[in-house]
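Presented below is the structure to which this report refers.
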Amino acid sequence: MNAPSRARQGAVASPHSELASDLIAREKQFSARNYDPLPVVFTRGEGSWLIDVDGRRYLDLMSAYSAVSFGHAHPRIIATLIAQAQSLGVTSRAYFNDELPFLLERLAKLTGMDRVLPANGGAEAVETAIKAARKWAHKIKGVSEGHAEIIACRGNFHGRTITACGLSTEPQYRDGFGPFPPGLSTVPFGDATALALAITPRTAAFLVEPIQGEGGIIVPPAGYLRECAAICRERGVLLICDEIQTGLGRTGRLLACEHEGIKPDGVILGKALGGGLLPVSAFCATDNVMQVFNPGDHGSTFGGNPLAAAVAMTALDVLFEERLIERSAEIGPWLLGELAGLRTHPFVTDVRGRGLFIGIEVDPRAIGARPVVDRMLARGILSKDTHGTVIRIAPPLNIPREDLAWAVGEIHAVFQDVARDLKRAA
Ligand SMILES: *Cc1c(COP(=O)(O)O)cnc(C)c1O
């Protein structure tokens, strides 16, 4: 099947069927109103394509925020899921199982860390990292109990727990959820001097995304992470990289922090680690950090269950055997080059990214990102706006190049349509 003919089926916006309308109405009636989904209802996923309940096909350039980095319904990952589910699913960490040890060993070796603490969702692994850092500050660094501080970056996204929201600088993520834990502060992203100035004798850790994802695919200046790593080492502060979204090949390296050749004290993984099928996350760290945990200090009923461990192992097999890190490194710059031409539109203020992690920023005085995303949807292309001004392009790492080439043409057409409409309205 060639891409354009498959895609054409999804390229025309049409009114919702009764089925789609009913499903949307039902969700709107019974769901908490904490999401505002695009008006499309999916029932199947195949590789880089999603199919809605009316049979229309859409090319997925969003990959569920990188959770689906290996595409939908990857046959190998599904085979593992089924076989492992039939063999052993969940035992809790009250016992050993014969899958988890291999995942722990593999993650430790891949990240260059000594030990791994498995969890489920990303926010849970972030919370684990923060608990580890605070306890390390108290037990090893000698900060008095209850006074350890965590520094993060403005514009960060580390999840939706109370602590992560306490670190957030996004008013909506905080509104009404206080009080937040003390000992949390932020510095501007991309400014190593600001970090040096913010560190106090009580600072436990600097928590940072190597590229800010939800913040709008913000790539910091070259050398930033290296400088931060040097500052942290010199001042006795842990450097913890949140690679939940940037990790596992998304930016063209296994970990985005490898672009700067640094070795943090802790690395947080999630999203793609679950192979697009399960929530699987991990906090990987040096012995220096992990030594603070003793039996009973911290845990998770589902963390490290054999089903999750087996699926994550196969997801990692797919990442390496399909050479997806190299693919992201190869196709990413090509895609960025193809999209760079959008800058000729005066309402496009930036096109940036690394690997298959790209953001197109629009001028909100001309148009918001959401209407652009809606127009892409009408042409059968799935994206998502972030912060009202950035359109996120982060397809599965194994997306066929011809599908991506088709999408590039459609995206250019969308921006031309916007340019025409803006001119007419002026
Ligand atoms: C998505 C994300 C999280 C939170 O992960 P969840 O699985 O949604 O809890 C944390 N940090 C970063 C950088 C993320 O992109």
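Which of the residues that make up the range 212-243 are assigned to a helix (DSSP H, G or I) and of a type outside the set (Val, Ile, Thr)? Lay out the reasoning, then the answer.
Applying the first criterion (assigned to a helix (DSSP H, G or I)) to the range 212-243 yields 224-235.
Listed by number, the residues that qualify are 224, 225, 226, 227, 228, 229, 230, 232, 233, 234, 235.
Do you know which of the residues in the range 228-252 that are more than 27 Å from residue 330 (Cα to Cα) and in contact with a helix residue (DSSP H, G or I) (Cβ under 7 Å, 6 or more places away or on another chain) is nearest to the ligand (Cβ to nearest atom)? Spell out how you get there, then give the answer.
Initial filter on the range 228-252 (more than 27 Å from residue 330 (Cα to Cα)): 228-240.
Restricting the remaining residues to those that are in contact with a helix residue (DSSP H, G or I) (Cβ under 7 Å, 6 or more places away or on another chain) gives 228, 231, 236, 238-240.
Values: 228: 16, 231: 21, 236: 25, 238: 17, 239: 15, 240: 11 Å.
My answer is 240.
Of the residues in the range 366-393, how many are in contact with a Leu (Cβ under 6 Å, 6 or more places away or on another chain) and within 15 Å of residue 336 (Cα to Cα)?
Residues flagged as in contact with a Leu (Cβ under 6 Å, 6 or more places away or on another chain) and within 15 Å of residue 336 (Cα to Cα) within the range 366-393 amount to 1.
When you look at residue 325, is it modelled with pLDDT of 95 or more, within 18 Å of the chain's Cα centre (by Cα) and in a helix (DSSP H, G or I), yes or no?
Yes.
So in the range 114-129, with the set limited to residues that are more than 13 Å from residue 301 (Cα to Cα) and in a strand (DSSP E or B), which one is nearest to the ligand (Cβ to nearest atom)?
Once the filter is applied, the top-ranked residue is 116.
Here is a list of conditions, (1) assigned to a loop (DSSP other than H, G, I, E, B); (2) more than 16 Å from the ligand (Cβ to nearest atom); (3) open to solvent by 70 Å² or more (accessible area, probe 1.4 Å), and residue 193 meets all of them except one; can you say which number that is?
In the conditions (1) assigned to a loop (DSSP other than H, G, I, E, B); (2) more than 16 Å from the ligand (Cβ to nearest atom); (3) open to solvent by 70 Å² or more (accessible area, probe 1.4 Å), residue 193 misses (1) alone.
Just wondering, is there one or more residues in the range 310-322 that are of a type in the set (Val, Ile, Thr), under 30 Å from residue 90 (Cβ atoms), open to solvent by less than 10 Å² (accessible area, probe 1.4 Å) and at pLDDT 95 or above?
Looking only at the range 310-322, we keep the residues that are of a type in the set (Val, Ile, Thr), and these are 311, 314, 318.
Within this subset, residues satisfying the condition of being under 30 Å from residue 90 (Cβ atoms) are 311, 314, 318.
Next cut, open to solvent by less than 10 Å² (accessible area, probe 1.4 Å) only: 311, 318.
Checking the rest, the ones that are also at pLDDT 95 or above come to 311, 318.
The answer is yes, given that some residue of the range 310-322 is of a type in the set (Val, Ile, Thr), under 30 Å from residue 90 (Cβ atoms), open to solvent by less than 10 Å² (accessible area, probe 1.4 Å) and at pLDDT 95 or above.
Taking the condition of being among the polar types (S, T, N, Q) and either open to solvent by 20 Å² or more (accessible area, probe 1.4 Å) or touching a strand residue (DSSP E or B) at 6+ places or on another chain (Cβ under 6 Å) (or both), how many residues in the range 56-83 meet it?
Residues in the range 56-83 being among the polar types (S, T, N, Q) and either open to solvent by 20 Å² or more (accessible area, probe 1.4 Å) or touching a strand residue (DSSP E or B) at 6+ places or on another chain (Cβ under 6 Å) (or both): 1 in total.
Given the options 394, 407, 369, name the one that is free of Cβ contacts under 8 Å to residues at least 40 places away in the same chain and surrounded by 20 or more Cβ atoms within 10 Å (Cβ to Cβ).
Residue meeting the stated conditions: 369.
Residue 255: within 12 Å of the ligand (Cβ to nearest atom) and under 24 Å from residue 136 (Cβ atoms), yes or no?
Answer is no for this residue.
Filter the range 271-299 down to the residues that are at negative phi, within 13 Å of the ligand (Cβ to nearest atom) and not in a strand (DSSP E or B), then identify the one that is most open to solvent (accessible area, probe 1.4 Å).
Top of the filtered list is 279.
What number of residues in the range 140-164 are surrounded by fewer than 20 Cβ atoms within 10 Å (Cβ to Cβ) and either within 16 Å of the ligand (Cβ to nearest atom) or not assigned by TED's automatic domain parsing to the domain that holds residue 212 (or both)? Even if it seems obvious, please write down each step before you answer.
Taking the range 140-164 as the starting set, the residues that turn out to be surrounded by fewer than 20 Cβ atoms within 10 Å (Cβ to Cβ) are 140-142, 144-147, 154-155, 160-162.
From what is left, the residues that are either within 16 Å of the ligand (Cβ to nearest atom) or not assigned by TED's automatic domain parsing to the domain that holds residue 212 (or both) are 154-155, 160-162.
Within the range 140-164, residues that are surrounded by fewer than 20 Cβ atoms within 10 Å (Cβ to Cβ) and either within 16 Å of the ligand (Cβ to nearest atom) or not assigned by TED's automatic domain parsing to the domain that holds residue 212 (or both) number 5.
The values are calculated or read from the model by the stated rules, or taken from the named source; none is laboratory data. Keep in mind it's a predicted model, so treat the numbers as computed, not measured. Using ideal geometry, Cβ is built from the backbone for each residue, glycine included, and neighbour counts are taken over all protein chains shown. The accessibility values were calculated without ligands, DNA or RNA, using every heavy atom of the protein model including side chains. Shrake-Rupley method; radii C 1.70, N 1.55, O 1.52, S 1.80 Å.
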